[in-house]
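These notes concern the structure reproduced below.
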Amino acid sequence: MIYLDNAATTELCEEAREAMRPYLEEDYGNPSSIYLFAQRAKGAVEESRRKLSELMGVSPMELYFTGGGTESDNWALISGIESTGKRHIISSKIEHHAVLRSCAYLEKRGFSVTYLDVDERGRVEPAAVLEAIRDETGLISIMSANNEIGTIEPISEISEIAGERGILFHTDAVQAFGQLPLPLGKSRIDLLSASAHKIRGPKGVGLLYMRRGVKLPPYLHGGEQERGRRAGTENVAAIAGFAAAAERAFRTMKERGEKERRMRDYLIRRLTTEIPDCCLNGDPEERLPNNVNVCIRGVEAEPLLLLLDQRGIAASAGSACASGSLDPSHVILALGASREDAYGSLRLSLDERLSREDADRVVSEIKRIADYLRRE
Ligand code: PLP
């Protein structure tokens, strides 16, 4: 199989598997228990927090483990706005559903939300953020990089705009974490969400970074775990796997990114020049190194994906949560595309292991299938 759906999830890396093993087997104690055996599990959680904080250039006290990107986003949005006592949120039309549906939940409870437009490359304009700010604005949430089209957003600039006005700034960095250097020390990001399974760690674990001085109320209520802010027995093995995967991702970021960028640009060039009426979605430069998203006019993504699957190629039409539904991607529509074009968008998210040979096979299969579907 040629796996080109790394934005949906990734294969567990060896480093994460090894780091998890002791806590799945012998060291299964509850980190809240007092005997030595359980304290080894507690030690693993704290050591993982320390490793992650070092990689991110922040303090361990600023990191809270969660059950993944979705929980981090819900916590940041829902508890974030509640903590400010204000009633207005600014976000964008191309956020992940974890953010958009948290916003919709808040709207039902009387908060108001401005969903900013993006330009044809998927960029949120800092000037538009500035214009949308009201006295009642308590929180701005803009993603670091988009999961469907890979566009990298100007979050440093936007965080400055928010910071200068005392507005909380959250960024969903689930796709950017471990792929791009994060501007944490140099910007005014208050809250940042990340998830392990996008960087070859395990599923169901993530983190929320909370800048020192920012204190969100708990979102999950119960025990005293995570310094009383996130109740629930820690998923020790997953946390250890997350830290190991992050170590690998940050250590290899530059070299891996270069390899991915080369293959990304190769795929984009061949697809958009060799397939008639095929164009790139998103920004050609300000783009995640592993994201290819093209629109093949007149070809629906669904049958294309099924035929690619039969040929051993796993890809996607957009976000995994949206695929399987008949709605066209809200992200592609926000770029100004027609519904028909939004149905014809194909996302290939690669990793550094994609060889030139496999890329060539992918291009020739897509060409052949697109040609077949157009003649149908
Ligand atoms: N935010 C973005 C941008 C994502 O791509 C995803 C995963 O698809 C999530 C949030 C949700 O993360 P998780 O799957 O860890 O809940």
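The table for this structure:
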| quantity | calculated |
| --- | --- |
| Selection from GLY110, GLY69, ILE90 lying farthest towards where the dipole of segment 39-110 points positive, charges on Cβ | GLY110 |
| Accessible carbon and sulfur surface of segment 278-369 relative to its total accessible area, %, 1.4 Å | 48 |
| Percentage relative contact order, segment 119-159, counting C-alpha pairs under 8 Å, at least six apart | 47 |
| Rounded percent of accessible protein surface that carbon and sulfur make up, segment 78-126, 1.4 Å probe | 45 |
| Share of Cα-Cα pairs in segment 77-117 lying beyond 14 Å, as whole percent | 38 |
| Cα-based reach from LYS108 at 16 Å (exclusive), listing aspartates and glutamates while leaving out same-chain residues under 8 positions away | GLU82 |
| Relative contact order computed over the chain (Cα-Cα under 8 Å; 6+ residues apart), in percent | 22 |
| Accessible area per residue, Å², the chain with all protein chains present, probe 1.4 Å | 43 |
| Cα-projected label distance for ASP135 with ASP277, points at 7 Å along beta-carbon direction, nm | 5.4 |
| Percent accessible area from carbon and sulfur atoms, segment 24-66, protein chains only, probe 1.4 Å | 59 |
| Segment 229-329 - Kirkwood radius from inverse mean 1/r over Cα pairs (Å) | 16.7 |
| Cross-link partners of LYS186 among lysines (Cα-Cα below 22 Å; sequence separation of 8 or more within a chain) | LYS51, LYS215, LYS254 |
| Rg and Dmax [Cα atoms of segment 138-225; Å; Rg one decimal, Dmax integer] | 13.6, 39 |
| Extended-chain gain in nm, criterion 0.36 nm per residue less alpha-carbon gap, SER33 and GLU300 | 90.7 nm |
| Relative contact order %, segment 57-134, counting alpha carbon pairs below 8 Å whose residues are six or more apart | 28 |
| Alpha-carbon spread of the chain, three principal axes, descending order, Å | 67, 54, 34 |
| Cleavage-rule hits, trypsin sites (Lys or Arg not before Pro), segment 164-270, DSSP coil, Cβ neighbours within 10 Å at most 15 | ARG165, LYS186, ARG212, LYS215 |
| P(r) of segment 1-100 over all Cα-Cα pairs, binned every 10 Å from zero, in whole percent | 11, 28, 34, 21, 6, 0 |
| Loop GluC sites (Glu not before Pro), segment 178-287 (other Cβ atoms within 10 Å of the site Cβ: 11 or fewer; DSSP) | GLU224, GLU285 |
| Only Lys, Arg (+1) and Asp, Glu (-1) charged, at Cβ; the chain dipole about Cα centre in debye | 520 |
| Distance in nm between pseudo-label sites at GLU125 and ASP309 (7 Å out along the Cβ direction from Cα) | 4.1 |
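The values are calculated or read from the model by the stated rules, or taken from the named source; none is laboratory data. Keep in mind that this is a model prediction, so the values were computed, not measured. Every residue, glycine as well, gets a Cβ built from its backbone with ideal geometry; the counts of neighbours run over all protein chains shown. Calculation scope for accessible area: heavy atoms of the full protein, side chains included, ligands and nucleic acids excluded. Shrake-Rupley method; radii C 1.70, N 1.55, O 1.52, S 1.80 Å.
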